[in-house]
Amino acid sequence: MEHMGGPGSGQHTKMANQIMISTTMLGLIEGMMYAKKAGLDVSQMINAVRGGAAGSRSLELYAERIVKRDFEPGFFVDHFVKDMGICAKEAERMDLGLPGLALAKKCYEIVQEEGYGLKGTQALMVGFERKISELSRKEKLN
């Protein structure tokens, strides 16, 4: 355990962690969707990139589970959305714009709307497959 400082420092550390995970998960899902659409073997692609800069704890924990369509929770989507809401409120209070967090929060809210709130954060893939990717194309976000 790491002592982070005075009162509230541990909570801010947790929020920084959640912000980093939220945007990492977006990149993981988008990379996997791109690989699949490009006709790659997604598991083989994961193995090819895991040792480089794209490698991450999220990739190690979730990529193969996503390939296998295993969305059972390690951490619930509902809890993640709650945490991202706290992050967003704190960032606003600090007058700090975090567009990656805002996008990730919206994407995970779509996962909740699709009925996956009690599934793991890797269920973000379902949100992308059902709605997020299409919304991105329609709104010209890319």
Identified option (computed Cα Rg over 2.2 N^0.38 Å; candidates (1) 1.13; (2) 1.23; (3) 1.09): (3)
Sites S136 and M1 - FRET efficiency at Förster radius 35 Å, r taken between beta-carbons, to 0.05: 0.35
Phi to ³J(HN,Hα) by Karplus 6.51 cos²θ - 1.76 cosθ + 1.60 over the stretch 65-72, Hz, x for Gly, Pro: 5, 5, 4, 7, 6, 9, 10, 5
Length-normalised contact order for the chain - Cα pairs under 8 Å, 6+ apart - percent: 28
Two-site FRET efficiency, Q11 against E109, from Cβ-Cβ distance with R₀ of 30 Å, rounded to 0.05: 0.85
Whole-percent carbon and sulfur share, accessible surface of the stretch 15-142, 1.4 Å: 55
Net charge of Cβ neighbours under 12 Å - reference G31; Lys, Arg +1; Asp, Glu -1: +2
Length released on extending from E30 to K89, taking residue separation times 0.36 nm less the Cα-Cα span: 18.6 nm
For the chain: accessible area per residue (Å², 1.4 Å): 61
Net lengthening on full extension, S43/F76 (0.36 nm per residue, minus Cα-Cα): 9.5 nm
Excluding exposed DSSP-loop GluC sites (Glu not before Pro) (at most 11 other C-beta within 10 Å), longest clean stretch of the chain: 3-138
Inter-label distance for R65 and E129, nm, one decimal - labels placed 7 Å from Cα along Cα-to-Cβ: 1.6
The chain, dipole about Cα centre (Lys/Arg Cβ +1, Asp/Glu Cβ -1), debye to the nearest 20: 300
Neighbourhood charge, 12 Å Cβ-Cβ cut-off, centred on D83 and excluding it, Lys, Arg +1 and Asp, Glu -1: +2
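At a Förster distance of 35 Å, what's the computed FRET efficiency of L96 paired with L118, Cβ-Cβ distance as r, to 0.05?
0.70
Could you work out [θ]222 nm for the chain from helices alone, using -39500 (n - 2.57) per DSSP H run of at least four and dividing by all its residues? Round to the nearest 500 deg cm²/dmol.
It lands at -20000 deg cm²/dmol.
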Dipole-positive endmost among M33, I19, F71 within the chain (Cβ charges, Cα centre): M33
Alpha-carbon centroids, the stretch 101-142 and the stretch 9-75: separation in whole Å: 14
Relative contact order (%) - the stretch 1-67, alpha-carbon pairs under 8 angstrom, separation at least six: 25
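Report the net charge of residues surrounding V111, where surrounding means a beta-carbon distance below 13 angstrom and charges are Lys +1, Arg +1, Asp -1, Glu -1.
Charge balance near V111 sits at 0.
The values are calculated or read from the model by the stated rules, or taken from the named source; none is laboratory data. All values reported here derive from a predicted model rather than from experimental measurement. Virtual Cβ from ideal backbone geometry, glycine too; neighbours counted across all protein chains shown. Heavy atoms of the whole protein, side chains included, go into the accessibility calculation; ligands, DNA and RNA do not. Shrake-Rupley method; radii C 1.70, N 1.55, O 1.52, S 1.80 Å.
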